[in-house]
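Asks: This is the structure I have questions about; it appears just below.
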Amino acid sequence: MTLEYINNELHMNGHALNQLAEQYGTPLFVYDEDGIRSQCRKYHSVFEQESLDYSISYASKAFTSVQMVKLLQEEDMKLDVVSRGELYTAIQAGFPASHIHFHGNNKTAEEISYALDVGIGLFVVDAMDEVALLDQLADQPVDVLLRINPGIDVNTHSYIQTGQEDSKFGLSIHNGTALEAITAIKNSRNLNFKGVHYHLGSQIDEEGPFLKALDVVFEWLSKSGIDIEILNMGGGYGVRYTEVDTRYPIEKGFANIISRLKALSAEYDIPLPHIMIEPGRSIVAEAGITLYEVGVVKDIPGVSRYVSVDGGMSDHIRTPLYGAEYEVVTVKENKNQSMNANVVGKLCESGDIVRKNAALPEDIRRGDLVAVKTTGAYHYSMASNYNQMMKPAVIFTSRDNVREIIRRQSLEQLIQNDIK
Ligand SMILES: *Cc1c(COP(=O)(O)O)cnc(C)c1O
């Protein structure tokens, strides 16, 4: 990401952030569009080098919008959706339905019918009940993957672990339910069994769990005599929020995953399937920042200092939700950053924290701008109207362009569904 101070002012891709804040207001999400594109290309290149049959499906839930979806199409990505709303957004953006995959542990009949109507490419069936429901609603053949649970614990926050045995997602390969569901799919009227999917969790910083999952899944496929055309390994590749995080090493990590795949395919005499992965966070997180304006600065002598900004948990929920840490910097360069400041939001909750103990200048005051880094994933998409806060605007910057891709919500929009 090209975030740098030029003449003491923070710039992204050569555009001064104070000017963007002036023009579009704060809080403001600003993305490095080139950075998003280069992440997409990095994923493509690791698979292309190995001349594998593959596809990369972006998980909409990390951040989606009409312009984001258009960018993904230009970058030859496929798309995961988990709701009618995400699917609608993709369709409105003109994304080809055949390149969309539908996930979710509780797809409603209404969602399934809509997805069938628009002709999406693949359903990732998550439960026994869904086999029957989908089969009943479909009146022509649909391709499905089964979401299996390989029973792998990953070292990440429990709210973003998904592949352990005790999970609401998928069917276990250990207790026999996955195999039962595959049999049911094969015996159904309209469902074409294409293969399996698993997703181990999120913010995983090493390839170990992915390798382990491959070992477990290949052994199970072989033992159960299941042929697959598609193997979907999910997403979850970690990013660097602060200096304590390790970024998932995309090049090295996938080189190892692919070589394990080839070895297992030879060992079990299972032809290499079409490989799918589903990165979300790692495509957008590090490309995005949030700009806030500082308001009240409160010192409690000998205790602490609170620096309040003009947004908070309505646009930054990951810290209140699971204690996620972020780096905060001033938009005007100030090397005298010694004071431990708690950067907090303006919403009426004590847990409305952006960053505890941030290193900010001693003389920070009302009107200063701060940037919170690595807020490109699970921020705008998790934003709410709590306290009747309006969702921020979103800007894409590239070397030679700045464009608004989502307008700031208006007061009028806050009450547009209210009966007056
Ligand atoms: C959330 C999710 C992803 C994306 O996870 P990231 O950590 O954002 O890469 C991929 N697949 C499934 C099924 C998911 O639920």
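Where a number appears in this text, it was derived from the coordinates with a stated rule and is not lab data. Quick caveat, the model's predicted, so the values are computed rather than measured. As a convention, Cβ positions derive from the backbone with ideal geometry for all residues, glycine included, and neighbour counts pool all protein chains shown.
Asks: GNM on the chain, C-alpha springs below 10 Å: top fluctuator among P320, P96, P301?
Replies: P301
Asks: A further question follows. What does the charge count around D400 come to, taking other residues whose C-beta lies under 14 Å from its C-beta (Lys +1, Arg +1, Asp -1, Glu -1)? Please list the in-between numbers first.
Replies: Numbers: positive: R37, R399, R403; negative: D32, E33, D34.
Surrounding charge for D400 is 0.
Asks: For K298, which lysines qualify as cross-link partners when the Cα separation must be under 25 Å and same-chain residues fewer than eight apart are set aside?
Replies: In chain and number order, the partners are K332, K335, K346, K356, K373.
Asks: Test of understanding: what is the full-extension gain from L414 to K262, defined as 0.36 nm times their sequence separation minus their Cα-Cα distance?
Replies: Separation in residues times 0.36 nm, less the Cα-Cα distance, equals 49.4 nm.
Asks: Which residue, Y386, Y292, Y58, tops the fluctuation ranking in a GNM of the chain built on C-alpha contacts under 10 Å?
Replies: Of Y386, Y292, Y58, the most mobile in the Gaussian network model is Y386.
Asks: For region 279-387, which trypsin sites (Lys or Arg not before Pro) pass both filters: DSSP loop (anything but H, G, I, E, B) and at most 14 other C-beta atoms within 10 Å?
Replies: K335, R365, R366
Asks: Between M128 and E50, what is the label-to-label distance in nm when each label sits 7 Å out along the Cα-to-Cβ direction?
Replies: Computed distance between label sites M128 and E50 equals 3.5 nm.
Asks: Right, here's the next one. Using 0.36 nm per residue of separation minus the Cα-Cα distance, give me the extension gain between V296 and D269 in nm, one decimal. Show your work: numbers first, answer last.
Replies: Numbers: separation 27, 0.36 × 27 = 9.72 nm, distance 6.55 nm.
So the chain would gain 3.2 nm between V296 and D269.
Asks: Grab the DSSP H runs of the chain that are 4 residues or longer, score each as -39,500 (n - 2.57), total them, divide by all residues and round the 222 nm result to the nearest 500 deg cm²/dmol.
Replies: On the way: 12 runs with 122 residues, N = 420.
When only DSSP H runs of four or more count, the value is -8500 deg cm²/dmol.
Asks: For D153 and S350 in the same chain, what is the full-extension length gain: residue separation times 0.36 nm, less their Cα-Cα distance, in nm?
Replies: Numbers: separation 197, 0.36 × 197 = 70.92 nm, distance 3.23 nm.
Result: 67.7 nm gained on full extension.
Asks: Could you rank the peptides 188-198, 168-178, 59-69 by their average count of other C-beta atoms within 10 Å per residue, with the highest value first?
Replies: Put in order of decreasing packing, that is 59-69, 188-198, 168-178.
Asks: If r is the Cβ-Cβ distance from S338 to R189 and R0 is 60 Å, what FRET efficiency results, to the nearest 0.05?
Replies: 0.30
Asks: Going by the alpha-carbon gyration tensor, a ≥ b ≥ c the square roots of its eigenvalues, is the chain rounded (a/c under 1.5) or, if a/c is not under 1.5, prolate (a/b greater than b/c) versus oblate?
Replies: Prolate is the answer for the chain, as a/c is 1.5 or above and a/b outweighs b/c.
Asks: Would you calculate the separation in nanometres between label points at R366 and S38, each defined as 7 Å from the Cα along the Cα-to-beta-carbon direction?
Replies: Label at R366, label at S38, 4.0 nm between them.
Asks: In addition: In a Gaussian network model over the chain where Cα atoms closer than 10 Å are linked, find which of G85, G14, G151 has the largest mean-square fluctuation.
Replies: The residue that fluctuates most here is G85.
Asks: A further question follows. Taking θ = phi - 60°, what integer Hz values does the Karplus form 6.51 cos²θ - 1.76 cosθ + 1.60 yield along region 280-289, in sequence order, with x for Gly and Pro?
Replies: Values, residue by residue: x, 3, 6, 7, 10, 4, 6, 7, x, 9 Hz.
Asks: Here is a follow-up. Expressed as a rounded percentage, what relative contact order does region 33-281 have, with Cα pairs under 8 Å and six or more residues apart?
Replies: 19 percent.
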